Every structure is written in C-alpha cells, then in structure tokens.
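Following: one structure in structure tokens, then a few remarks.
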Amino acid sequence: MREFPYIKIDAPTPYERGVQYGKQAKIQILKAREHYKSYFGGRGDEWDSVCRFALRYSEMLEEAFPDLLEEARGIAKGAEVEFADIMVINCRYEMSKFPKVPECTTGAALAGSTEEKCTYSFKNWDFSKGVLDHVVILHIITEDGTRIMGLTEAGQMIRDGFNNYGLSIGTNNLQSVHDHSGFGIPVTFLRRKILMCRNFADAEKLIKEAVRTVSNNILLTDAKGGQAKDFEWHPLGVNELEPQDDILTHANHFVETPELDALAGRPKNRDTRLRSLLMKRYGHITPEYIMECMKDHEYYPLSICGHPTSDDNEYTKDRMTVSSMIVDFDHSCAYICAGPPCEGEYKKYNL
C-alpha cells in the first residue's frame with residue numbers, strides 16, 4: 001500500500017526547521033516544482049515570470065509572518081532549489097485557483113455525536129492526480145513546545161492538520177464572484193500560522209483579519225473547547241457556519257451566501273451526503289465509521305471518495321481523492337490514507 005513520506009522537523013529556529021524540511025523532502029520538492037512548471041507551462045506562462053510573480057507575495061509576508069518566510073528560505077536551502085521555486089509551490093492556490101477541479105470534503109464530529117464522547121475532525125483532499133507523488137506528512141516541533149502534524153504538498157508550509165493545543169483545520173477550495181488578481185496572504189502560510197495558535201480565539205482572529213484576494217474555506221475545530229466553526233472566506237468578508245447537532249460538514253460551495261459562488265452550476269451534495277452518513281450513527285460515531293463514510297461513492301464521479309474518469313469531463317478526468325485524514329484528539333493521533341480510502345489503508349500517526 002502507498003504511504004506518504006514522513007517528515008519530522010525539530011529545530012530551534014525557523015530557518016533551521018526549513019533546512020531540515022528541505023533536506024528530507026528534496027525528492028518530493030523537485031517533483032512538486034516539475035509538476036507546477038508543467039502546469040504553468042501548459043497555460044503558456046514562462047517559469048521565470050511565474051517565479052517573479054510568486055516572489056511579490058513575500059513583500060506582504062515579510063511584514064505579516066517573517067518567521068515563516070525565513071522557514072521558506074530554509075526549505076529552499078535544504079532542497080537546493082531557488083527561494084522563488086518554494087514561493088510558487090506555496091502560492092499555487094492564489095496564482096492558479098484550479099477552478100475546474102473540485103477540492104475536498106471536510107467535517108467535524110463533536111463529543112455529543114460520538115461513541116466515546118471524543119472530538120474528531122476529518123477530510124478527504126480531492127485534487128489533481130498529478131500531486132500524489134509529492135504529498136508528504138509533516139510533523140513539526142517548534143522551540144516553544146508547539147507540535148503540529150498534517151498533510152501538504154512538499155515545500156508548502158502546510159495544508160491541513162492539528163496541533164497539541166487541540167486545534168485542527170480542514171480546508172476547501174472556494175471560488176467567489178469577488179475573487180480577483182492581486183496579493184494577499186497565501187493560504188499555506190495562513191494555515192500554518194493558525195496551527196501555531198494555542199486557542200480558538202487567536203486562530204479565529206487570524207482567519208478573519210487576513211488580507212485576501214481569493215476565496216477559501218477553513219473548518220476550525222477546537223477539541224479542548226468542544227467547538228467547531230466553518231469560515232467561508234472571500235475577499236469582501238467571512239461567512240461563519242456553526243455545527244448542527246454537534247456535526248459540521250463542508251465541501252466546495254458557499255452555503256451561507258450561495259449567490260457568491262462563481263461556479264454555481266456544480267453539484268452541491270458532498271457536504272450534505274457526509275452529514276447524512278454521520279447522522280445514521282449519531283451518538284455512536286467512531287474513527288472506523290468515519291473511515292467508511294470517507295469511502296462513499298454516492299453521486300460518483302463527484303463523490304466523497306473520488307477517482308479520475310476516462311472521459312473528457314473537465315471536472316472529473318483528473319480529479320481523485322489524494323488523501324484522507326481523520327484526527328482523533330483524545331488520543332493525539334491522526335489516521336491517514338494515501339490515495340482514495342476505498343483502495344488504501346489508514347495508518348495511525350501519533351502527534
């Protein structure tokens with residue numbers, strides 16, 4: 001069975017953490033760079049121009065998150081690539097948006113809905129099958145005792161994960177009618193900063209105050225506080241969604257303000273399907289049952305568990321579930337499956 005490379009980082013400074021990361025993930029970072037060279041080249045963009053554009057995001061990051069920018073420089077050093085390459089990999093969401101590939105189904109189940117009165121967060125990451133060979137698991141230990149574990153494309157700060165303070169994030173692509181070109185905080189840097197927070201209030205503040213030019217969805221779970229909230233994040237504001245009966249799910253469309261959805265014609269059923277599956281075992285939800293839910297193929301090919309199709313449908317020919325992750329806060333671990341969960345196995349990783 002496929003397993004993602006496990007990258008453990010433990011150093012006293014951001015730059016040294018980056019160097020450790022870059023050295024361990026060098027092979028995957030080179031694959032990521034080639035993947036995006038091919039992608040942007042297919043759009044007719046020269047790599048040098050793409051790199052120059054990506055470097056402009058560092059101007060805002062220098063002021064907002066200088067520690068993470070220093071870590072990015074360390075990643076480039078460790079992987080023996082240009083700093084601009086690492087910035088492209090981290091800013092690919094903002095620079096491309098990949099609007100034709102629906103991404104991700106996320107959820108949280110709070111104590112009232114679960115068998116052992118635990119809190120779980122979970123996500124299927126749906127994306128281009130071309131990224132599967134450069135996904136890594138990050139396990140980060142910082143000088144102040146913060147521990148973070150999550151999944152990401154090699155070279156990125158992080159994509160989704162959890163920390164030792166009981167916080168987790170699961171994210172979804174969103175595209176609103178207000179999205180526009182420009183420079184905001186790249187979501188990979190924001191997500192990592194959220195996972196460095198020690199409490200829900202600080203994380204929520206970061207989400208609400210971050211400057212943005214494109215939309216994104218962040219489901220924030222706080223196991224210690226027994227709460228979860230979903231933030232539909234767009235250039236003009238943030239919608240907030242609360243759990244119903246201790247369950248919260250989301251996919252790739254605006255729920256609170258559907259009129260903002262720039263791709264309004266897409267099916268909108270993965271979030272409601274996941275919720276209906278979870279409600280069938282309400283009060284008795286376990287990690288094992290969540291695993292079964294994440295294998296669901298209802299509404300295939302745009303199902304919770306996704307697979308590429310053999311036809312030329314622009315939404316589905318390249319879409320697949322790249323990974324599935326379930327966070328079990330009470331046991332400080334994550335269950336991670338590489339590739340579609342119906343075809344693989346979940347492996348346990350301790351924080």
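Here is a yes/no grid of residues against (1) in contact with a Gly (Cβ under 7 Å, 6 or more places away or on another chain); (2) of a type outside the set (Phe, Trp, Tyr); (3) farther than 18 Å from Ala108 by Cα; (4) surrounded by 16 or more Cβ atoms within 10 Å (Cβ to Cβ):
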position: Leu260; (1), (2), (3), (4): no, yes, yes, yes
position: Ala264; (1), (2), (3), (4): no, yes, yes, no
position: Ile285; (1), (2), (3), (4): no, yes, no, yes
position: Cys293; (1), (2), (3), (4): no, yes, no, yes
position: Gly306; (1), (2), (3), (4): no, yes, yes, yes
position: Val327; (1), (2), (3), (4): no, yes, no, yes
position: Cys337; (1), (2), (3), (4): yes, yes, no, yes
position: Lys348; (1), (2), (3), (4): no, yes, yes, no
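This table checks each residue for (1) in contact (Cβ under 8 Å) with a residue 12 or more places away in the chain; (2) assigned to a helix (DSSP H, G or I); (3) within 19 Å of the chain's Cα centre (by Cα).
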position: Ile290; (1), (2), (3): yes, yes, yes
position: Lys295; (1), (2), (3): yes, no, yes
position: Tyr299; (1), (2), (3): yes, no, no
position: Cys305; (1), (2), (3): yes, no, yes
position: Thr309; (1), (2), (3): no, no, no
position: Ser323; (1), (2), (3): yes, no, yes
position: Asp330; (1), (2), (3): yes, yes, no
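Does Asn216 meet the test of being within 30 Å of Ile86 (Cβ to Cβ), buried (at least 17 other Cβ atoms within 10 Å of the Cβ), touching an Asp or Glu at 6+ places or on another chain (Cβ under 7 Å) and not aliphatic (A, V, I, L, M)? The answer is no for Asn216. Examine the range 32-53 for a residue that is closer than 21 Å to Ile140 by Cβ and under 19 Å from the mean Cα position of the chain (by Cα), and state whether such a residue exists. Among the residues of the range 32-53, at least one is closer than 21 Å to Ile140 by Cβ and under 19 Å from the mean Cα position of the chain (by Cα), which makes the answer yes.
Exactly one residue out of Lys77, Lys23, Lys8, Lys97 is within 30 Å of Pro341 (Cβ to Cβ), at pLDDT 95 or above and surrounded by fewer than 21 Cβ atoms within 10 Å (Cβ to Cβ): that is Lys8.
Table: residues versus (1) of a type in the set (D, E, K, R); (2) under 13 Å from the mean Cα position of the chain (by Cα); (3) on the phi > 0 side of the Ramachandran plot; (4) outside any helix (DSSP H, G or I).
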residue: Asp144; (1), (2), (3), (4): yes, no, no, yes
residue: Gln156; (1), (2), (3), (4): no, yes, no, yes
residue: Ile169; (1), (2), (3), (4): no, yes, no, yes
residue: Phe183; (1), (2), (3), (4): no, no, no, yes
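Look through the range 153-196, keep the residues that are of a type in the set (Ser, Thr, Tyr) and touching a helix residue (DSSP H, G or I) at 6+ places or on another chain (Cβ under 7 Å), and return whichever of them is surrounded by the fewest Cβ atoms within 10 Å (Cβ to Cβ). The qualifying residue surrounded by the fewest Cβ atoms within 10 Å (Cβ to Cβ) is Ser176.
For the range 232-278, filtering for residues that are more than 26 Å from Glu288 (Cα to Cα), part of a loop (DSSP other than H, G, I, E, B) and touching a residue at least 12 places away in the same chain (Cβ under 8 Å) leaves 11.
Residues considered: Lys129, Lys117, Lys123. Of these, the only one that is modelled with pLDDT of 95 or more, within 17 Å of Gly306 (Cβ to Cβ) and of a type in the set (D, E, K, R) is Lys123.
None of Ser324, Ser332 is under 18 Å from Ile137 (Cβ atoms) and in contact with a Leu (Cβ under 6 Å, 6 or more places away or on another chain) except Ser332. For Lys224, state whether it is among the basic types (Lys, Arg), modelled with pLDDT of 95 or more and assigned to a loop (DSSP other than H, G, I, E, B). Yes; evaluated as a whole, the condition is true for this residue.
Among the listed residues Thr249, Thr272, identify the single one that is farther than 21 Å from Arg192 by Cα and in contact with a Lys or Arg (Cβ under 8 Å, 6 or more places away or on another chain).
Of Thr249, Thr272, the one residue that is farther than 21 Å from Arg192 by Cα and in contact with a Lys or Arg (Cβ under 8 Å, 6 or more places away or on another chain) is Thr249.
With respect to Tyr39, is the statement that it is surrounded by fewer than 20 Cβ atoms within 10 Å (Cβ to Cβ) and under 17 Å from Phe189 (Cβ atoms) true? No.
The values are calculated or read from the model by the stated rules, or taken from the named source; none is laboratory data. Predicted model only: the values in this text are computed from it and were never measured. In this analysis, Cβ positions are derived from the backbone assuming ideal geometry, glycine residues included, and neighbour counts consider all displayed protein chains.
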